[in-house]
Ligand SMILES: N[C@@H](CCC(=O)N[C@@H](CS)C(=O)NCC(=O)O)C(=O)O
């Protein structure tokens, strides 16, 4: 049995899949996709989107589909909650994290005070001319995506206030409970955690999260159960 994860290392979606694999105790190989050479992996991901997972010759693209597949192929421990209403909520929260919260990260990381770390990390595996050309082009390319989506057209202060309201909602939701959807860790916790993690790498996101103790304690719980780094990775 082999599992291979094709990824951009810094992508929160890749972090989501790695944590899910660790939660299930599965060993996996990683193939790092270079931004400058991602067409080399079109056979694995025809859309050019990563992560993609290959398990015994079967390919699954999209982190949500990958997590669902992992629950089918390796049922225990389950990612999806057992109770149907908890599972429904987890589905909604996972989609909210992937398709909405992600855009706060995408909008905030090209801001001048945030761009250096992410350009450095994104290009950590690149070298030479590709590296210097991409370093110049990437912040504006990302800002363009954020503007097309809409959030990137708002004033910085409005974006930060909107994110503060979402973090307030998470802080309130976590009162008296340990996990987002049901009595144990689920796909919802992993999906939201990875987005909070990348938002922590913006000046504003970090300050907002640090001011919310229940959110911080929940982050530590998710990290303990489904760690961000660690075991079983062979390169
Ligand atoms: N819905 C997808 C989103 C994956 C995604 O957007 N990945 C980005 C990296 S963070 C990507 O592959 N970007 C390359 C591109 O858009 O061409 C998932 O959950 O896996």
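The values are calculated or read from the model by the stated rules, or taken from the named source; none is laboratory data. Since the model is a prediction, treat every value here as computed from it, not as a measurement. Positions of Cβ are backbone-derived with ideal geometry, glycine not excepted, and every protein chain shown enters the neighbour counts.
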**OP:** Would you be able to say whether some residue in the stretch 204-211 is modelled with pLDDT of 95 or more, more than 20 Å from the chain's Cα centre (by Cα) and either farther than 30 Å from residue 38 by Cα or part of a helix (DSSP H, G or I) (or both)?
**Re:** yes
Subject >> Single residue of the stretch 33-47 satisfying the filter (assigned to a loop (DSSP other than H, G, I, E, B) and within 21 Å of residue 135 (Cβ to Cβ)) that is modelled with the highest pLDDT >> reply: 33
Subject >> Residue count for the stretch 118-130, restricted to those that are part of a helix (DSSP H, G or I) and buried (at least 18 other Cβ atoms within 10 Å of the Cβ) >> reply: 3
Subject >> Residues located in the stretch 10-32, provided they are touching a residue at least 40 places away in the same chain (Cβ under 8 Å) and in a strand (DSSP E or B) >> reply: 28, 29, 30, 32
**OP:** Among the residues of the stretch 53-68, write down those that are within 17 Å of the chain's Cα centre (by Cα) and either away from the ligand (no atom under 16 Å from the Cβ) or more than 15 Å from residue 24 (Cβ to Cβ) (or both).
**Re:** 61, 62, 64, 65
**OP:** Select, from 71, 95, the only residue that is within 15 Å of the ligand (Cβ to nearest atom) and modelled with pLDDT of 95 or more.
**Re:** 95
Subject >> Matching residues, the stretch 107-117, being in a loop (DSSP other than H, G, I, E, B) and crowded, with 18+ Cβ neighbours inside 10 Å >> reply: 109, 110, 114
**OP:** Check the stretch 77-85 and report whether any residue there is assigned to a helix (DSSP H, G or I) and within 16 Å of the ligand (Cβ to nearest atom).
**Re:** no
Original post:
Just checking, which of 152, 182 is part of a loop (DSSP other than H, G, I, E, B) and touching a helix residue (DSSP H, G or I) at 6+ places or on another chain (Cβ under 8 Å)?
Top reply: 182
Original post:
Right, residue 104: modelled with pLDDT of 95 or more, part of a helix (DSSP H, G or I) and within 12 Å of the ligand (Cβ to nearest atom) or not?
Top reply: no
**OP:** Taking the residues in the stretch 30-52 that are closer than 19 Å to residue 194 by Cβ and more than 10 Å from the ligand (Cβ to nearest atom) as candidates, determine which candidate is surrounded by the most Cβ atoms within 10 Å (Cβ to Cβ).
**Re:** 30
